[in-house]
1. Note the full-extension length gain between A:GLU54 and A:LYS331 as 0.36 nm times their separation in residues minus their Cα-Cα distance, in nm to one decimal.
2. Pop the C-beta distance of B:PHE57 and B:ALA160 into the FRET formula with R0 = 22 Å and round what comes out to the nearest 0.05.
3. Starting from the eigenvalues of the Cα gyration tensor, five times each then square-rooted, give me the equivalent ellipsoid semi-axes of the protein assembly as shown, largest first, whole Å.
4. Sequence neighbours fewer than 8 away in the same chain don't count; with that in mind, list the aspartates and glutamates whose C-alpha is under 16 Å from A:LYS149.
5. Which whole-number percent of Cα pairs in region A:363-421 have a distance greater than 15 Å?
6. Test of understanding: in a Gaussian network model of chain B with alpha carbons linked when under 10 Å, which of B:ASN246, B:ASN133, B:ASN95 would top the mean-square fluctuation ranking?
7. Return the subset of A:LYS115/A:LYS313; A:LYS278/A:LYS374; A:LYS278/B:LYS145; B:LYS81/B:LYS199 for which the Cα-Cα distance in this structure is over 24 Å, preserving the input order.
8. Give the calculated FRET efficiency between B:PHE13 and B:VAL280 to the nearest 0.05, with a Förster radius of 35 Å applied to their Cβ-Cβ distance.
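Every number here is computed from the coordinates shown, using simple stated rules; none is lab data. Just so it is clear, the model here is predicted, and its values are computed rather than measured. When we count neighbours, we look across all protein chains shown, and the Cβ atoms used for this are built from the backbone with ideal geometry, even at glycine.
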Amino acid sequence: MKKVLSILLLSLILGTIMGVAYSQPKGNITITEMVSQGWTTDVDLALAKKFTEETGIKVDIQIVPAAQHHDLLKAKLNAGEAPDIFWIQTNPFAIRTELDPEKNCVDFTNEKWVKVMNPLRIPSVSYNGKVYGLMLWHNSPEFTFFYNKTLFKKLGLLPPTTYSTFRKACEKILNAGITPIYEYTSQGWHQVLAFAQIGGRYEELHPGLYEKLNNNQIKFTDVPAMLQALKQMKEIADRGYYGKDFIANDGTKAAELLATGKVAMTLTNPGFVKEIKKAHPECTYEWGLFLIPIIDNQTYPFNPNGPARFAYKMGKNIDAVKKYFDFLTRKDNLQYRVDNHPEWTNVDVTTKIQQRWLPMEKELMAKIPKSKYKLVLQSGVKYFNEQWMEVGKDIEAMYIGALTPEQILKNIDDRRAKMAKAIGDPAWK
Amino acid sequence: MNLNKIYPQYFIFPALALYILLFIIPGLIGIYYSFTDWNRYSSEINFIGLENYKTIFNAGSSYFSYIYNTLRFTVVSNIVKIIPALFLAIFLSENLKGENIHRAILFFPSILSYLVIGIIFRSILHPQGLVNNILRTVGLGFMAKAWLADPKWVWSSIYAVDAWRGIGYVMTIFIAGLHSIPRYYYEAADIDGAGFFQKLIHITLPMLRPAITVNLVFGITYGLRVFDIIFVLTNGGPGRMTEVINTGVFKEFALGTYGIGSALSTILFVFLGFISIFLVRLMNRREIEL
């Protein structure tokens, strides 16, 4: 009897151990995902959780402060220690210099979800005919001025369309004891938008500019409109339109300051209204959008590029990552993203889902003729997007008086030349 | 047991081999790469002589300010840590009530990670942070500043945070040094009627030379290699005001321009090498004197 009991006990123990051993691979896989702070929200965490519930594969989302994400990711890639999934802002020119995809990224060309992305976005995540990234991004008017319509009406102001009217509006708002613009530079990227989103205006004033810049037939320092734009940005800061101590701002107070009427406008996306409504349901202000009127810009910032997810080629969980990307691009999860995203009103995909466009987006887009839809600087000009954070540092330095607008343009040219020469771009030989 | 036994010299070979393999060879390779155009975008590595160094030492170059900032940080951060730490050590060696608790409290910041310190102090030193709120509460609102964003105050804020973190560690070394000074020197000085400063100058400081040297060596090498505290507090900003050599190296490597990154590292290595040799010689001479 003892012998039988011993055998039964041993079998039970062995069975348990084997059972645990067999179930381990499913429960033990953890995908690491590194993302910049501003690119992810609770909706990504919720979807990751849902994915874990379905598959048993965990997703460890590492959120890095925006000011450090780019350098940290590049350092990790260069050191061969990248996470399984990493996000980066890319475009057809930058993908090679930013990622060296053939060396670092998993080829997803044959995955079904490639067709889910808007075809206009695919070149940004492709290199040499192969697709390496998944870009799930919105298609709203990106980084235009988001303003307090109620306040503007009260002060008798119309949305400005020229720099001169913009300055007058800012002056009137400032005199009313309200900070005209919420700007934040400490994250390193936001201050570049005012310069780069008006790329279409540079093209208007200097036809063929992007092509000439990409062929090294002209430099940033040769473009008076760019110099003027930087000077106007500096003037805005010097006149106090960004408020006191804006250099210390990190973006986290934007919703609160706008909702409480302490600030009149900021450069952001229209879906920001959802964040305001959620955090400040008592707020009754009406909101609107207008284009960045620096150097009298009235071009619509068309940008088919955005932050995208890439998978590390040397990663150990490539199959799990593929499952995760399949999951994220499934119709129900795309709909979940639109319905639950704190800021977005749509996702730019080919799958038919219920988008949630806001009236203010429709209003702005209806006003602007298609001929005014122009590619933003970072998507049209080579070797600019890669130095976005460096330009951010330079603009911050300009605001504190440590650099002149001329020096900023020269620095951009120098960095472009350095990158172009390093990559062996024939236009720079 | 024969304590005077002389072991054969080849016993040193395993350690020496490891040292050469892990430190000397990578160091020499790094120095070699500083004379090349090595970068992430090209598989070719070409020898370009002193070109990277010319770029760094170019009069208008931002790299030059990185070197200047590093040297400035090294000098000032040591001054603001060593002098207060010395007086704190003397104060806490006077058999005070609860001196161990005081020491533990002062040492505590040294064990915190820089990331934690960065998060805490970015919040405390924010224009709407604790420091400014206290100033406003006590009627000193006019003194409120954007401590980490105001060009006039950013370095002082970094020194202050660095001192807050490092003083306890420096103080601990001084306390160990103070305990090794025989009490009868002070008793004899008391009989002769010496005051606090006379005892400090004629007994404490000369007898504390080894501890001072240790703190200087640690402090200077730390100062020249500084990275974390700057990275977490200001990331080199506002603008590039607080960039130091190592944040520059980090950024060059992130940009994929390894050649310039290696040249900056080599410059740091040369600084560290010269200063270490000088300090070690100084320490040896003083120990002989003592």
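1. 98.2 nm
2. 0.10
3. One finds semi-axes of 49, 36, 30 Å for the protein assembly as shown.
4. Within reach: A:GLU286, A:GLU361, A:GLU363.
5. Result for the distance tail: 60 percent.
6. B:ASN95
7. Flagged as over cut-off: A:LYS278/A:LYS374; A:LYS278/B:LYS145.
8. 0.90
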